[in-house]
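Notes for the one structure printed next.
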């Protein structure tokens, strides 16, 4: 049951002062809480025997009031320390998870559903936080506070009466242990179901346009209803066990009350204890209700926390399949990029996705990568981004194997525009300047200030290179127009051009355009390519595309088929060979001519 606390020992060691003070004050508060019950019996007996004067009674009442104030202040401090620590733990784990997510490669996200990761980052972390806060409280109250009350009853009232009233209590241990196992099993199943529901909601919201286009609103609604019903059933299964705790403990405590009243009345009748002591004893029995409940809550919270912590640790324990070497090589410049007999297979693939790929690209040159859909164009670019473990062969930059370079330095040289542009729910200005958010003063942990005028100049230049300047005037708030989630307020072509502007804003040494012009018209594409050529003289560019007009200016073009290079050369050389490239080029030229005629 307490395994979860041992798993969190690293946190308790860091914040031992906070928890030591909280537990000490909690123990003191528990001792102070039993004094009023004993005081009531003392005052009743004093009044009954006419041994208390008015002055003495007033003094005792003032003592009681002072005790209440002190108890309140102590309770405030331990509450702040204990539950404040729980919030610190939740923040630490959430920060760890976020950093872990940012370090993970695509393989991790292929094996884990987004909805489930969200569930672990919210519900599961909440359950762990509850364990470190309310769980510790129930642990102390169900042990130290419980024994404080029992010892007080034995010493100051009557040990025989206390022993008799506690006879039913051991029954709780067996029953609670049984409930605890059931809670653990059912809670894991319920959390998994919650992750499935989260994933469905995410997919539905992201794909709402497609759902409407195919008139699948009712079907999606029914599917979601089934998922919510499944989550409901599995949480009800948890609640059924959870609901057994209170009645079980009430029955046991009720039996203790019955024994206490009957046997206590007998002892009063035989003058073994006084009326005041019997009143105090019944108050103590009432105080035992919470520690008894705390035992049930303790099992419940610990089992939920253990199940949730296991899920969080499972996520944090996932090792990235692409890491930096202990002593990475530092490069001042990239003079060339070489692929030497590179063969690569995705972790989830059963066949090679690249086969014996070799080429060299010198600094300042442009490489065009063309081929049929699924031929491996994007896969070549991902080798430069080091998103997956390396296959056989080598990818070298300035003669250094790419896996010997630090990934952060590698990525700082690259401006990447993916096939599916990703825009954040911010303004166009913020999306374009996104790369600048990483420029921080690490010592002071603040974002470095930028010159607004120079920033605006860079933005306008980037927009012009991406041929987006003409669109800005039609947007309601210009550069400060919110693009919505994933750029929903923009068209496909506009999203691609904002994504290109974002890459151009950083003025990268290596620009990667992964079919980044597929949603723009031929004229706009021609403008963008021409402007990029003029701007990036002396810098390296890689372009994958289906539209050959985007790469006919390239210094070298490779044609892929099933992951292998089947043709390569300049635009003119490939046309002379009369292979797939010429056939595709002629077809696209005819299509362009027909469009002009229309």
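The values are calculated or read from the model by the stated rules, or taken from the named source; none is laboratory data. None of these values were measured; they are calculated from a predicted model. Positions of Cβ are generated from backbone atoms using ideal geometry, with glycine treated the same way; all protein chains shown enter the neighbour counts.
Can you pull out the residues in the range 1-35 that are free of Cβ contacts under 8 Å to residues at least 24 places away in the same chain and surrounded by 15 or more Cβ atoms within 10 Å (Cβ to Cβ)?
If the condition is that a residue be free of Cβ contacts under 8 Å to residues at least 24 places away in the same chain and surrounded by 15 or more Cβ atoms within 10 Å (Cβ to Cβ), then 12 is the only one that fits.
Need a quick list: helices (runs of 4 or more DSSP H) entirely within the range 155-249 having at least 1 residues that are under 20 Å from residue 121 (Cα atoms). Show your work before the answer.
On the way: elements: 159-165, 171-206, 208-213.
Qualifying helices (runs of 4 or more DSSP H): 171-206.
I'm told residue 95 meets every condition in (1) surrounded by 15 or more Cβ atoms within 10 Å (Cβ to Cβ); (2) within 28 Å of residue 324 (Cβ to Cβ) except one. Can you identify the failing condition by its number?
(1)
Assess whether residue 390 counts as being in contact (Cβ under 8 Å) with a residue 24 or more places away in the chain, surrounded by 15 or more Cβ atoms within 10 Å (Cβ to Cβ), in contact with a strand residue (DSSP E or B) (Cβ under 7 Å, 6 or more places away or on another chain) and assigned to a loop (DSSP other than H, G, I, E, B). Can you show your working first?
Working: in contact (Cβ under 8 Å) with a residue 24 or more places away in the chain: yes; surrounded by 15 or more Cβ atoms within 10 Å (Cβ to Cβ): yes; in contact with a strand residue (DSSP E or B) (Cβ under 7 Å, 6 or more places away or on another chain): no; assigned to a loop (DSSP other than H, G, I, E, B): yes.
No.
Return the only residue of 381, 354 being surrounded by 15 or more Cβ atoms within 10 Å (Cβ to Cβ), closer than 15 Å to residue 558 by Cβ and in contact with a helix residue (DSSP H, G or I) (Cβ under 6 Å, 6 or more places away or on another chain).
Numbers: 381 fails: in contact with a helix residue (DSSP H, G or I) (Cβ under 6 Å, 6 or more places away or on another chain).
Only one candidate passes the filter, namely 354.
Every residue in the range 520-562 that is surrounded by fewer than 19 Cβ atoms within 10 Å (Cβ to Cβ), closer than 24 Å to residue 420 by Cβ, over 40 Å from the mean Cα position of the chain (by Cα) and in contact (Cβ under 8 Å) with a residue 12 or more places away in the chain, please.
522, 526, 527, 531, 549
Restricting attention to the range 447-475, and to residues there that are surrounded by 15 or more Cβ atoms within 10 Å (Cβ to Cβ) and in a loop (DSSP other than H, G, I, E, B), which single residue is modelled with the lowest pLDDT?
475
What about residue 86, is it surrounded by fewer than 16 Cβ atoms within 10 Å (Cβ to Cβ), in a helix (DSSP H, G or I) and under 36 Å from the mean Cα position of the chain (by Cα)?
Details: surrounded by fewer than 16 Cβ atoms within 10 Å (Cβ to Cβ): no; in a helix (DSSP H, G or I): yes; under 36 Å from the mean Cα position of the chain (by Cα): yes.
Spelling it out, it is not the case that residue 86 is surrounded by fewer than 16 Cβ atoms within 10 Å (Cβ to Cβ), in a helix (DSSP H, G or I) and under 36 Å from the mean Cα position of the chain (by Cα).
Okay, residues lined up against (1) farther than 30 Å from residue 93 by Cβ; (2) modelled with pLDDT of 85 or more; (3) surrounded by 22 or more Cβ atoms within 10 Å (Cβ to Cβ):
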position	(1), (2), (3)
267	yes, yes, no
272	yes, yes, no
280	yes, yes, yes
286	yes, no, no
300	no, no, yes
305	no, yes, yes
308	no, yes, yes
313	no, yes, no
320	no, no, no
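Of the residues in the range 563-584, how many are touching a residue at least 40 places away in the same chain (Cβ under 8 Å) and at positive phi?
Number satisfying all stated conditions: 1.
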